[in-house]
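Asker: To start, I am sharing the structure in question, which I have written as structure tokens.
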Amino acid sequence: MASKARTLAKPVNKSSFKTGAQIIVDTLLEQGVDTMFCYPGGVVLPLFDRLYDAPIRFINPRHEQGGCHMADAYARASGKVGVVVVTSGPGACNLTTGLATAMMDSVPIVALTGQVRTELIGNDAFQEADTTGITRPITKYNCIVKKVEDLARTIREGFFIASTGRPGPVVIDIPVDIEVAKCSVDGSDEMNLPGYRVRAKGNARQISTAARAINNSERPVLYVGGGVISANASEDLRVLAEKAHLPVTTTLLGLGTFDQRKPESLDMLGMHGSAYANYAVQECDLLIAVGARFDDRVTGKLKTFAPHAKVVHIDIDPASISKNVRVDIPVVGDAKLILAELIKEVEFRERQQWFKKIAGWKKKYPFSYDRQAKTVKPQYVVEELCRQTKSEAVITTGVGQNQMWAAQFYRFIKPRQLISSGGLGTMGFGLPAAIGAQVARPEATVIDIDGDSSFNMTMTELATAVQYNLPINVCILNNGYMGMVRQWQELFYNKRYSNSSLSNPDYAMVARAIGAVGITVDKKEDVPKAIKKMLAEKKPCVVDFKIEREENVWPMVPAGKSLDEMDGLDILERLI
Ligand SMILES: Cc1ncc(C[n+]2csc(CCOP(=O)(O)OP(=O)(O)O)c2C)c(N)n1
Ligand SMILES: [Mg+2]
């Protein structure tokens, strides 16, 4: 190294000569990374060798998809950037579902992927895949590093892009020769992103127009999405809702931004949202969307969505303004800054008639189920989980009915409390997400409310929880079906249950074989004590709840129908 240094034109300090692998480690530390989810392979070995001595906590998943979901949930639970490192080819390909999940839900992740030697790229080399090509549509930004001199700057840019504006996943692809190449570094190679601008402050005139619209509104609804959580603006949202006296409904990802025990809470809206939220949206004269994107599971039929409403849309992403629903008053910028300004200009209004109407809907159509039934009702399991954890647990979910029952029957009171794949709807997310959340929040009770089929997809990660002594809890709402698929087949395909029933293993035995605790519950009266036992366990614990097999999620707005065309309201009314 010394002789090489002497050949350079400018003399450099010997100690500032570093390998690419060392530069990666140093830049990660500089970015404040203290936890990473890594899976090794040939082309990342130089990096793994450097990581061996680094003061970073490593979690080694059983599959790269699991690692990516862990990094994702780590980010959602902590507010920091999740970091995942994998090898080239199969390793990078296994990340795709995790990246797409994070992209759809705007979660900041930096994924470092190894790549074959620069000279072999394009040669169909062993374990070569076109990682940047494959991940382009499912990342906020991606790039390949071709010179070791670019490494530190590129990683800094990756963290910056992932975590600012509308957050999202970033892939940095690093050929193995770049990891071993050396260069001099003095830490001065700063970011250079001339095309990347984030508008933080909202336009003052627009904010005043929005405030006036709120002050003039007789029937307003605040419609809140996960963007408020990303912006750490939940407290500001509460102040706005209370000061201006606004009812609040949230998306699935927005749950927790507003304490659901408060009278102004309308709970979740949309396809399986509350009847009172959906009716309120359809009848409101002003819809104030904050950090939400008018997803089709929320809007139902676009043409008839919120037909009487003037629409205010507060969002950091200009591209989401008027994308699905025409917006009257757009305010682009950081939700926290904008809400702080808006709060100054809004006034309290009683809106007695509006709140009375909402209370009527709430009374008539609460989320309900047959509490007298002798079988284990999934809703009862979720309610009991909520009761015993006093609404304080971090909940992750699978996808399907389990996810909707978790959203309907757990009462969320704080941001970052529900971690669920909303946009992509990724089955298999729940277990690795619980692991990532538990790593981020060691003190928290973390519960994965899962479906049997969703759990089947990534259950191998239970071994990761066991290896790292992570006391996660998995509650499988086991109906022996891909329940949500079965529900659609029951309602829209004449009960022809094509390929949606399952032959499952004995999950308690699987859990024990892996070194976790396994409990089976098939009687209603055993539910409370099984949950109590699970919560007292220090080891990872799986509880297999054999639930009513053909229970449905109500209400339901059938795909393509208007929000107020809900099925199942008669059932809800009957069951109160
Ligand atoms: C990876 C993936 N594949 C397929 C689907 C389509 N899908 C949505 S819900 C569902 C069934 C889920 O079954 P389960 O996990 O048992 O949950 P349940 O609805 O029974 O609670 C399927 C197959 C999906 N969302 N994700
Ligand atoms: Mg199921």
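Asker: Please state the relative contact order of segment 210-304 as a whole percent: Cα pairs under 8 Å, 6+ residues apart?
Answerer: Relative CO of segment 210-304 lands at 35 percent.
Asker: Shifting gears a bit: Radius of gyration and Dmax for segment 448-576's Cα atoms, expressed in Å?
Answerer: 17.2, 49
Asker: How large is ³J(HN,Hα), in whole Hz, for each residue of segment 543-550 in order, when computed from phi with the Karplus curve 6.51 cos²θ - 1.76 cosθ + 1.60 and θ = phi - 60°, using x for Gly and Pro?
Answerer: These are the phi-based 3J(HN,Hα) values: 10, 9, 8, 7, 8, 3, 6, 10 Hz.
Asker: Let me ask something else about it. Which of the peptides 233-239, 198-204, 517-523 is most tightly packed, and how do the rest follow, going by the mean number of other Cβ atoms within 10 Å of each residue?
Answerer: Per-residue Cβ counts within 10 Å, averaged per peptide and sorted highest first, yield 233-239, 517-523, 198-204.
Asker: How far apart, in nm, are two points set 7 Å out from the Cα along the Cα-to-Cβ line at L120 and at E443?
Answerer: According to this spin-label approximation, the distance is 4.8 nm.
Asker: List the pairs from K414/K538; K80/K533; K243/K377; K243/K356 whose alpha-carbon separation is above 29 Å, in the order I gave them.
Answerer: K80/K533; K243/K377
Asker: Net charge near S454, counting Lys/Arg +1 and Asp/Glu -1 over other residues with Cβ under 13 Å of its Cβ?
Answerer: That works out to -4.
Asker: Another question about this same structure. Which of the listed residues, S420, T113, G66, is farthest toward the dipole's positive end in the chain, when Lys, Arg count +1 and Asp, Glu count -1 at the beta-carbon?
Answerer: S420
Asker: Please work out how much length the chain gains when fully extended from L502 to Q353, using 0.36 nm per residue of separation minus the C-alpha to C-alpha distance, in nm with one decimal. Display every interim value, and only then the final one.
Answerer: Working: separation 149, 0.36 × 149 = 53.64 nm, distance 4.96 nm.
Net length gain for the segment: 48.7 nm.
Asker: By the gyration tensor of its Cα atoms, with a ≥ b ≥ c the square roots of the eigenvalues, what is the shape of segment 98-179: rounded for a/c under 1.5, prolate for a/b over b/c, or oblate?
Answerer: oblate
Asker: A further question on this structure: About the Cα centre, and with charges only on the beta carbon of Lys, Arg (+1) and Asp, Glu (-1), how big is the dipole of segment 278-428? Nearest 20 debye, please.
Answerer: Once rounded to the nearest 20, the dipole reads 640 debye.
Asker: Check the straight Cα-Cα distances from K182 and name the lysines below 19 Å, setting aside those fewer than 8 residues away within the same chain.
Answerer: Of all the lysines, those that pass the test against K182 - Cα under 19 Å, at least 8 places apart if same chain - are K4, K10, K14, K18, K146, K147.
Asker: At a Förster distance of 22 Å, what's the computed FRET efficiency of K524 paired with I571, Cβ-Cβ distance as r, to 0.05? Display every interim value, and only then the final one.
Answerer: Values: r = 20 Å, r/R0 = 0.90.
Once the sixth-power term is evaluated, E becomes 0.65.
Asker: Here's something else I'd like to know. Using the Cα atoms of segment 346-481, I'd like the radius of gyration and the largest Cα-Cα distance, Dmax, both in angstrom.
Answerer: When restricted to Cα atoms, segment 346-481 yields Rg and Dmax of 17.3, 57 Å.
Asker: Take the Cα atoms of segment 180-279, build their convex hull, and give its volume per residue in Å³.
Answerer: Values: hull volume 21.0 nm³, N = 100.
Given the Cα convex hull of segment 180-279, per-residue volume reads 210 Å³.
Asker: Right, something else. Could you grab the relative contact order for the chain? Cα pairs under 8 Å, six or more apart, rounded to a whole percent. Please report the intermediate quantities before stating the final value.
Answerer: Numbers: 1317 pairs, mean separation 78.6, N = 576.
Value for the chain: 14 percent.
Asker: By how many nm would the segment from L193 to R212 lengthen if fully extended, with 0.36 nm per residue of separation less the alpha-carbon distance?
Answerer: Between L193 and R212, full extension yields 3.1 nm more.
Asker: Considering the dipole of the chain built from charges on the beta carbon (Lys and Arg +1, Asp and Glu -1) around the Cα centre, which of A440, A213, V25 is farthest to its positive end?
Answerer: A213
Asker: Continuing with this model, one more query. What do you get for Rg/Rh of the chain when both radii come from the Cα atoms and Rh is the Kirkwood radius?
Answerer: The Rg/Rh ratio comes out at 1.00.
Asker: Go through segment 42-51 residue by residue and turn each phi into a ³J(HN,Hα) via Karplus (6.51, -1.76, 1.60, θ = phi - 60°); whole Hz please, and just put x for glycine and proline.
Answerer: x, 7, 10, 4, x, 5, 4, 5, 6, 5
Asker: What's the long-distance tail for segment 52-134, i.e. % of Cα pairs beyond 15 Å?
Answerer: 58
Asker: Within the set K374/K561; K262/K363; K362/K523; K323/K561; K390/K539; K364/K523, which residue pairs have Cα atoms separated by over 25 Å?
Answerer: Over 25 Å apart, Cα to Cα: K374/K561; K362/K523; K364/K523.
Asker: Can you give me the long-range amide H partners of L563? Hydrogens built in the peptide plane at 1.01 Å from N, cutoff under 5 Å, separation of 5 or more residues or another chain.
Answerer: K301
Asker: Is there a quick way to get the dipole size of segment 380-465? I mean about its Cα centre, with the Cβ of Lys and Arg at +1 and of Asp and Glu at -1; what is the value in debye to the nearest 20?
Answerer: 340
Asker: Something else now. Give me the distance in nm between label points sitting 7 Å out from Cα along the Cα-to-Cβ direction at R326 and K495, one decimal.
Answerer: 4.6
Any read-out appearing in this document is the output of simple, stated calculations on the displayed coordinates, not a laboratory observation. Model, not experiment: these values are computed from the prediction. Counting neighbours? That spans all protein chains shown, and the Cβs are built from the backbone with ideal geometry, glycine included.
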